[in-house]
Structures are given as C-alpha cells and as structure tokens.
Amino acid sequence: MDTSMDTPPVFTSIDPRLEPVVESVLRRNPAENEFHEAVWRLLRTVGPVIRDHPEYLDARLVERICEPERQIIFRVPWTDDAGQVQVNRGYRVEFNGTLGPFKGGLRFHPSVTSSIVKFLAFEQVFKNALTGLPLGGGKGGSDFDPKGRSEGEIMRFCQSFMTELHRHIGEHTDVPAGDIGVGERELGFLFGQYRRITNRYEPGVLTGKGLAWGGARVRKEATGYGCAYFAQEMMRTMGSSLNDRTVVVSGSGNVAIYAIEKVHHLGGQVVACSDSGGYVLDRAGIDLDLLKEVKEQSRESLSVYADRRPGAEFVPGAKVWEVAAEVALPCATQGELDAEDAVKLADAGVQAVAEGANMPCTIEAVEVLRDRGVLFGPGKAANAGGVATSALEMQQNASRDSWTFNHTEARLVEIMKEIHTSCYEMSERCGAPGDYVIGANNAGFVKVADAMLAMGVV
Ligand code: GLU
C-alpha cells in the first residue's frame, strides 16, 4: 500500500479528526512503510469509539497511542565459525506499557528493520489488550539471519544480543518471547546469558522457555491452537464448524504446525502448507509426525516431506492459496496473502480466513474477503493465543507453579472464546456485525485508551 499523503490510501473513510494524526505519523517516521500501514489500518476503523469518546481527542490520546514509549536500537557484534567478526542490529520497541509490562516477541530475520519492529509492537499493544490479561505491548529482534548458521554461531549471537538487552528487560518491566527465528533453543541461550549477567534466576523475564526451566505447557502450541479455535468460533456464528472442512495453511513453522494439529483435532483436514521454497499438497491430509520431523527436528525444506510421503507433491515457487479450500489460515508472515490470492480463495469457495501470523493479509485482500462475504479473523484477535499463554506462563512463574496441559489448554480455549465474543459484540455495537476488523480494533483501542485516560498525561 502507498501511504504517502499525495496518493490517498484504498480506504478513505477515516474520521476527519484523525487525519492530522495519520499525517503526523507519516511525517515523523519517514520511510517506515509497515508502521505507517499498521497505524493507518487501525485509525481508519476506530471512528465509532472516537465518536463515543470525545474526551480521547481532548487528551490527545490517539497521538500518544501512536508514539512508542521507548525505542532501543543497539549494535550486536559476534564472531562466526570462521573467526570473522559480524555486526548485526538489535531492536526493542517498548510501545505501550499502560496495561502491564511491555510484552511481545523477538524476531531474528534479515527482513527486520525499525519499521517492521515498530509495526509489530504497535499491533501487539491492541492484541495484548484483547486478551484481557495485564500485558503492555512491545516487540524486538534483529536483522540476524539464523538460516545456515551453526548452533555455536546462534549461541554467540544470542549471548551478544542479551548482553545489551538485559538492561532493558525484567519481569515487571519488559518480557520478551519468541517469534520468527526465535524458538526454545534461542530462548535458552538468551535466558542463560541473562542469568549469568544479572546473577538472578528470574524466569518471568522471558516466555516460551523450555519445560525444564520455567516454561509452560501449551505455550509452544498456543498461537496455532488459538488460531484454529478462533476460526471455529467464527464459523459457529454461521452455524458451521471446522469439522470435515478442507483447510490450507501457509507456513510450516511453529504457528503453522500447531494450527494444523488443532484443525485435525477439531475434525478438519489440512491438505497443504508451505515454506519459503513453495508448498506441499497432500490430499490425504498433512502427516503431522513427518512434518514435525522435517521442520522441527531436521530443519529441512518441505520438498523433503514430499519426497518421503507417497501421494504428496511439492510445488516449488508457488503460493499455497491456489489450492481450493473452505478455510485458509495464513501462518507465515506479513503481506503473504494479497488481493489476487483473496480472489482465488473466494472463487474456490473459501468460507473463513483467520490470521495466525501478524498482518499476513494485505489491506486490499481484507477488502476482497469482506466484499465476498468471507469471515475474516484479523491477527490481533486470531493469533492472540500465543501471547495469552505467555501471560499464563508469567502467572506460573510468579507463583512458582506448573499447570497441567489440560488445565492450561482449557484456559486458552476460554480466553479465545472471550476474545471472539468481545470482538463480535463490539462489531455489533459499531453497526458492522461480524466484521472482526472493526470489532478487534475498537475493542482493543478502547481498553488501552480508557486506561491511559485514567492514568493522566504520562
Ligand atoms: N510473537 C508472538 C506474537 O506475535 C508472541 C509474543 C509473546 O508471547 O510475548 O504475539
């Protein structure tokens, strides 16, 4: 999307009183296109709560909500296996701490820039508010590319990254977790270095930890599981469910794998998933044990899955959205499903799309889905199960407790249902029943704005 003010964006229905705010965000954050888009996508939809709460405008709340509380950018030097010094850039954007400690993942990927981290942190603020749990919003990461790096290199990078990050985080301050490129292995290296530097065993400083050292059951599965549960709740409003549905999922990382697992538990059949090289089509239903072996254990290409699974086909260089399905779950990364893909999905009869990743559908794609009457669950609602379970991990750490899988999953289900209900009810109140974008944005915004108002000008 072009966010320059000369070319009006696709939607022009923004409350005119918010136009100067958008203009100022564009001017004051030059060239940060992803961040511009995230702000624009939120502000163009919050007209209903702004109309009901003129006090937000008097208190300049929208301006304050669009300004991060703190942004930290730092050098991350490390030595590779060949003895060469490498230099990466680290980020932590502490966007809004009104509802609780800053909370959000760390992403290690070459695409990471200040704009990407800021957009993700901004989204996280409202996502975390929707969980109803005491969480502020933040995000961090680095342009470090873990692909092809040895375990030793990854460990040295994580240690260098934490050597700076440790002074900014803490269980009551800012609690990072994983995201793309950061899983249990990386969190282990990060936690080890944090403990060494601070001389504190403080498990509540990071979430997504291993079970043996303060991690919570269901955290690994939570984002994917939550996304499937959210899709199920949306379908229920139409008297339908995931049972017997054909489903396509993009990605084959942590979110995708556990979205597939839960779709299968709920009686659906996932027939395709993807990685950066293409997608695999498996009409008999994705074999999860094999997928986990290829992706979680050996970290290989999906083509290896097709080589080892009779009847499966690997389609290189193509998008998974060309596979006909009744439900689509984009679980890879931002901007991966555009208007053309949305048209293909709708033509093939898709009934529901729920975002497991952060902002995978472009604004134009969302518009196509809405025009075609497809149920659409935006990421800040549909993928909030991950961070919600991080809050459950923080609860267990604070009380030095460890819950069972079933108890934790029951809490996750309850939270996803509550998120769905609050989005749906808000969409009704805004006069757009079933529009989860309107529902999620207004419901998340009002929670943050009311708390900020209560706390004065801070
Ligand atoms: N990175 C995940 C997200 O996008 C999880 C964040 C967390 O658990 O703090 O929501």
- line: The farthest towards the positive end of the charge dipole of segment 246-316, of the residues Leu290, Ala312, Gly267, given +1 on Cβ of Lys and Arg and -1 on Cβ of Asp and Glu, is Gly267
- prompt: What relative contact order, as a whole-number percentage, does the chain give when Cα pairs under 8 Å and 6 or more residues apart are counted?
  reply: 15 percent
query: Label point 7 Å out from Arg200 along Cα-to-Cβ: which residues of segment 376-402 have amide N under 18 Å?
result: 394-400
field: Whole-number accessible area per residue in Å² for the chain, which is evaluated in the context of all protein chains at 1.4 Å
entry: 39 Å²
message: Using a 1.4 Å probe on the protein heavy atoms only, what accessible surface does Tyr279 show? Give it in Å² to the nearest 10.
response: 10 Å²
In nm, spacing of pseudo-spin labels at Glu425 and Met238 (7 Å Cα→C-beta vector): 2.4 nm
- request: About the Cα centre of the chain, how large is the charge dipole given +1 on each Lys and Arg Cβ and -1 on each Asp and Glu Cβ? Please answer in debye to the nearest 20.
  value: 1200 debye
field: Förster radius 51 Å - calculated FRET efficiency between Leu211 and Arg60, Cβ distance, rounded to 0.05
entry: 0.65
statement: Square roots of five times the C-alpha gyration tensor eigenvalues of segment 130-272, ordered largest first and given in whole Å, equal 34, 18, 12
- line: A student applying the Cα gyration tensor rule (rounded when a/c is under 1.5; otherwise prolate if a/b is larger than b/c, oblate if not) would label segment 272-395 oblate
- prompt: What ³J(HN,Hα) values, in whole Hz, does the Karplus curve 6.51 cos²θ - 1.76 cosθ + 1.60 give for segment 33-47 when θ = phi - 60°, with x put for Gly and Pro?
  reply: 4, 5, 5, 4, 5, 5, 5, 4, 5, 6, 5, 5, 10, 9, x
field: Ordering of 184-191, 283-290 by packing [mean C-beta count within 10 Å, highest first]
entry: 184-191, 283-290
query: Ignoring ligands, DNA and RNA, what percent of the 1.4 Å accessible area of the chain is carbon and sulfur?
result: 48 percent
query: Cα-Cα over 25 Å: which of Lys139/Lys344; Lys118/Lys447; Lys292/Lys344; Lys220/Lys344; Lys220/Lys447; Lys262/Lys292?
result: Lys139/Lys344; Lys292/Lys344; Lys220/Lys344; Lys220/Lys447
query: Taking a ≥ b ≥ c as the square roots of the eigenvalues of the Cα gyration tensor of segment 213-321, is the shape rounded (a/c under 1.5), prolate (a/b larger than b/c) or oblate?
result: oblate
- request: Extending each Cα 7 Å along its Cβ direction at Ala454 and Gln84, get the distance between those two points in nm, one decimal.
  value: 5.4 nm
field: Simple label model, 7 Å out from Cα along Cβ direction - Asp145 to Ala398, nm
entry: 4.1 nm
- prompt: Going by a ≥ b ≥ c, the root eigenvalues of the Cα gyration tensor, does the chain fall in the rounded group (a/c under 1.5), the prolate group (a/b larger than b/c) or the oblate group?
  reply: rounded
query: Dipole size in debye (nearest 20) for segment 217-326 around its Cα centre, Lys and Arg Cβ +1, Asp and Glu Cβ -1?
result: 320 debye
- prompt: Counting DSSP beta bridges in the chain, what percent are antiparallel, to the nearest 5?
  reply: 55 percent
- request: Report the GluC sites (Glu not before Pro) located in segment 319-368 that are in a DSSP loop and have at most 10 other Cβ atoms inside 10 Å of their Cβ, or state none.
  value: none
message: Placing unit charges on C-beta atoms (Lys and Arg positive, Asp and Glu negative, everything else neutral), compute the dipole magnitude of segment 169-213 about its Cα centre in debye, rounded to 20.
response: 220 debye
- line: 1/(1 + (r/R0)^6) with r = Cβ-Cβ of Ala410 and His172, R0 = 22 Å, i.e. FRET efficiency to nearest 0.05, evaluates to 0.20
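The values are calculated or read from the model by the stated rules, or taken from the named source; none is laboratory data. What you see is a predicted model; the values in this text were computed from it and never measured. Reconstructed Cβ throughout: ideal geometry from the backbone, glycine too, with neighbour counts over all protein chains shown. For the accessible areas, the whole protein counts, side chains as well, though only heavy atoms, and no ligand, DNA or RNA atoms are used. Shrake-Rupley method; radii C 1.70, N 1.55, O 1.52, S 1.80 Å.
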